[in-house]
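To start, the structure itself, in structure tokens.
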Amino acid sequence: MKLRDALVMVAGGALFGAGLAWSTMLSPEVVLQFLRWQDFGLALVMGGAVAVVLPVLRFAPRWLRRPLVSGHFGTHASLMNRDTVLGAAIFGIGWGLCGVCPGPAIAGLGAGNWAGLIALAGMALGAYVQGWQASARDANLTPRGTLAAED
């Protein structure tokens, strides 16, 4: 990794964390008020973020031959399947219970919100269990993608 790329990533992460702090998303109480339909300030924050990012994601590949800090524009295969829906539901339930999601939890550590470590530990455990289950499921598939016959 080039030094310039690393500096751009650090600057982007710092800008993201500063935006989360400025918008008060680091405070689980504010997030929970938003989820309870009591405070719509975070809707404006998220809407503003989407309004900035969506045109860039849509038009940057047309305007630029290559990204500023990468060799090519990548795509992410988005699959709508049972695991995606289940994961989204679990994430939503966790977010609703504690008012913490990964970005603000990590940024909150920089602001001294050490209680976020509990939420991050739960997220890490959930990610580990999901990866373990996916590996076990993939081990039961043949190269053609069909279930292996049991002996």
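The values are calculated or read from the model by the stated rules, or taken from the named source; none is laboratory data. All values derive from a computational prediction rather than experimental measurement. Using ideal geometry, Cβ is built from the backbone for each residue, glycine included, and neighbour counts are taken over all protein chains shown.
Can you go through LEU26, LEU68 and tell me which one is part of a loop (DSSP other than H, G, I, E, B), in contact with a Gly (Cβ under 6 Å, 6 or more places away or on another chain) and on the phi < 0 side of the Ramachandran plot? One residue alone meets the criteria, LEU26.
Okay, residues lined up against (1) surrounded by 14 or more Cβ atoms within 10 Å (Cβ to Cβ); (2) at pLDDT below 85; (3) over 30 Å from LEU3 (Cα atoms):
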| site | (1), (2), (3) |
| --- | --- |
| PRO28 | yes, no, yes |
| VAL31 | yes, no, yes |
| PHE40 | no, no, yes |
| LEU54 | no, no, no |
| TRP63 | no, no, no |
| SER70 | no, yes, no |
| LEU79 | no, yes, yes |
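Residues in the stretch 88-106 that are outside any helix (DSSP H, G or I) and of a type outside the set (Gly, Ala, Ser) were compared, and the one that is modelled with the highest pLDDT is VAL100. Among the residues of the stretch 113-127, is there at least one that is in a helix (DSSP H, G or I), touching a Phe, Trp or Tyr at 6+ places or on another chain (Cβ under 8 Å), on the phi < 0 side of the Ramachandran plot and surrounded by 11 or more Cβ atoms within 10 Å (Cβ to Cβ)? There is no residue in the stretch 113-127 that is in a helix (DSSP H, G or I), touching a Phe, Trp or Tyr at 6+ places or on another chain (Cβ under 8 Å), on the phi < 0 side of the Ramachandran plot and surrounded by 11 or more Cβ atoms within 10 Å (Cβ to Cβ).
Within the stretch 14-30, residues that are of a type in the set (Phe, Trp, Tyr) have Cβ atoms under 7 Å from residues that are surrounded by fewer than 18 Cβ atoms within 10 Å (Cβ to Cβ) in these pairs: PHE16/GLY103, counting only partners at least 6 apart in sequence or on another chain. The requirement of being on the phi < 0 side of the Ramachandran plot, part of a loop (DSSP other than H, G, I, E, B) and not small (Gly, Ala, Ser) is satisfied by ASP39.
Just checking, does the stretch 91-101 include any residue being surrounded by 10 or more Cβ atoms within 10 Å (Cβ to Cβ), farther than 24 Å from ALA127 by Cβ and among the hydrophobic types (A, V, I, L, M, F, W, C)? No.
In the set ILE90, ILE106, only one residue is closer than 30 Å to LEU3 by Cβ and either touching a His at 6+ places or on another chain (Cβ under 9 Å) or touching a residue at least 12 places away in the same chain (Cβ under 8 Å) (or both); that residue is ILE106.
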